[in-house]
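Read the structure below first, then the notes.
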Amino acid sequence: MTAEQIKKMPKLDLHCHLDGSLAIQSIRELLGREVAKEELQVSDDCQSLAEYLEKFDLPLQCLQTAEGLRTASRDFLLEAAKENVVYIEARFAPLLSVNEKLSCRQVIEAVLQGLAEGKEKCGVEYNVIACAMRHHSPEQNRGMFQAAEEFLGKGLCALDLAGNEAAFPMKDFSGLFEEASRMGFPFTLHAGECGSVENIIESIKCGAARIGHGIAMRGQREVIALCRNRHIGIEMCPVSNLQTKAVPDKSVYPLREFLDSGLLITVNTDNRAVSNTTITKEMEFIQREYGVRDEELWQLTRNAVEVSFAKEPVKERLFDRIKAAEGKVL
């Protein structure tokens with residue numbers, strides 16, 4: 001497909017961080033100053049995930065007030081609509097916006113209000129995933145879960161665990177997410193981005209419905225089979241994964257391996273602004289570099305609907321829309 005045809009496809013984005021995806025114009029308005037793209041976007045010679053994460057300081061400054069959270073969330077949805085994203089799951093860490101003027105509940109509420117305003121303008125369906133952070137204490141993360149529980153099924157769909165995976169292995173969070181499961185939360189977990197296949201295995205044991213990145217499964221047939229047999233969604237973010245050096249170079253990126261293994265993989269942006277990417281760019285990239293065929297792009301899109309945390313009526317609408325669009329293109 002051409003870039004224009006891909007852009008016209010109805011698309012989904014299941015792994016997209018709000019703070020890493022703020023439109024640069026929104027940041028300029030919220031900070032009240034000119035912001036150069038270099039302040040926000042990672043450079044082509046980025047050497048590590050740690051270097052990549054330095055770019056989040058600027059957008060996080062915009063997410064410290066209810067107004068900033070609402071504005072950023074509204075504009076986030078409007079930006080996604082420009083490339084015909086029809087459903088998106090926006091993930092963010094509420095505790096990173098809590099301060100003396102904003103409680104965790106108020107932070108989540110402000111994001112949901114902004115997304116609702118955005119949907120009124122563009123019609124894009126959405127859900128929110130609340131991220132626990134690896135460097136926060138169990139008590140802090142439990143408090144966030146308790147605040148998020150009120151919104152479960154009312155715009156908030158799931159939990160996640162994000163942060164420095166190399167320093168904080170998944171085994172340290174097993175109890176926390178067993179507790180989340182008892183509270184009724186589904187969850188996706190960042191795992192396997194920093195080389196540890198054990199973190200993926202532990203995430204599956206905890207009950208994760210999806211794995212964020214999962215790159216460490218490369219060449220691990222037993223773990224791949226485990227994910228396939230349990231219908232676990234794998235949220236791949238090609239451009240970001242290469243920027244953070246989750247793999248040494250694009251020749252060993254396991255997208256084709258995972259696709260041919262029958263995994264329920266999806267293609268996502270991770271951080272639209274920081275990585276200077278869109279779903280359209282991601283799809284163009286995997287077609288060019290990994291020989292992904294047109295029909296496989298549609299399959300990846302159907303995979304995204306299947307493993308999304310959307311409610312069944314929403315899934316049915318999305319499947320119908322994709323089927324109709326695919327019929328026109330083919």
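Here are some notes:
- In this structure, VAL111 does satisfy being under 17 Å from the mean Cα position of the chain (by Cα), crowded, with 24+ Cβ neighbours inside 10 Å and either assigned to a helix (DSSP H, G or I) or hydroxyl-bearing (Ser, Thr, Tyr) (or both).
- Scanning the stretch 301-330 for residues that are part of a helix (DSSP H, G or I), touching a helix residue (DSSP H, G or I) at 6+ places or on another chain (Cβ under 8 Å) and more than 15 Å from LYS7 (Cα to Cα) yields ARG302, VAL305, GLU306, LYS315, LEU318, PHE319.
- Taken together, GLY153, GLY195, GLY184, GLY207 contain a single residue that is modelled with pLDDT under 95 and small (Gly, Ala, Ser), which is GLY195.
- Residues that are part of a helix (DSSP H, G or I) and in contact with a strand residue (DSSP E or B) (Cβ under 6 Å, 6 or more places away or on another chain) within the stretch 222-254 comprise just one, SER240.
- Tally of residues being surrounded by fewer than 16 Cβ atoms within 10 Å (Cβ to Cβ) and in contact (Cβ under 8 Å) with a residue 40 or more places away in the chain across the stretch 94-105: 1
Condition check ((1) surrounded by 17 or more Cβ atoms within 10 Å (Cβ to Cβ); (2) closer than 21 Å to GLN47 by Cβ; (3) under 18 Å from the mean Cα position of the chain (by Cα)) across all residues:
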site: ARG221; (1), (2), (3): no, no, no
site: GLU235; (1), (2), (3): yes, no, yes
site: SER240; (1), (2), (3): yes, yes, yes
site: ARG256; (1), (2), (3): no, no, no
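- Selection within the stretch 27-64 - among the polar types (S, T, N, Q) and within 21 Å of VAL239 (Cβ to Cβ): GLN41, SER43, GLN47, SER48
- So LEU189, is it more than 18 Å from HIS231 (Cα to Cα) and buried (at least 23 other Cβ atoms within 10 Å of the Cβ): no
- Screening SER275 on (1) on the phi < 0 side of the Ramachandran plot; (2) surrounded by 16 or more Cβ atoms within 10 Å (Cβ to Cβ); (3) in contact with a strand residue (DSSP E or B) (Cβ under 9 Å, 6 or more places away or on another chain) shows it passes everything except condition (3).
- Looking across the stretch 14-26, the residues that are surrounded by 14 or more Cβ atoms within 10 Å (Cβ to Cβ) and more than 30 Å from ILE232 (Cβ to Cβ) come down to ALA23, ILE24, SER26.
So that you can scan it fast, the table gives a plain yes or no per residue for (1) surrounded by fewer than 23 Cβ atoms within 10 Å (Cβ to Cβ); (2) on the phi > 0 side of the Ramachandran plot; (3) in contact with a His (Cβ under 8 Å, 6 or more places away or on another chain); (4) touching a residue at least 12 places away in the same chain (Cβ under 8 Å):
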residue: THR65; (1), (2), (3), (4): yes, no, no, yes
residue: ARG70; (1), (2), (3), (4): yes, no, no, yes
residue: PHE76; (1), (2), (3), (4): no, no, no, yes
residue: ASN84; (1), (2), (3), (4): yes, yes, no, yes
residue: PHE92; (1), (2), (3), (4): no, no, yes, yes
residue: GLU120; (1), (2), (3), (4): yes, no, no, no
residue: GLU125; (1), (2), (3), (4): yes, no, no, yes
residue: MET133; (1), (2), (3), (4): yes, no, no, yes
residue: SER137; (1), (2), (3), (4): yes, no, no, no
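- With respect to (1) surrounded by fewer than 16 Cβ atoms within 10 Å (Cβ to Cβ); (2) farther than 21 Å from GLY291 by Cβ, the lone exception for GLY262 is condition (2).
The values are calculated or read from the model by the stated rules, or taken from the named source; none is laboratory data. The structure displayed is predicted, hence computed values, not measured ones. Here Cβ is always computed from backbone atoms with ideal geometry, including for glycine, and neighbour counts include all displayed protein chains.
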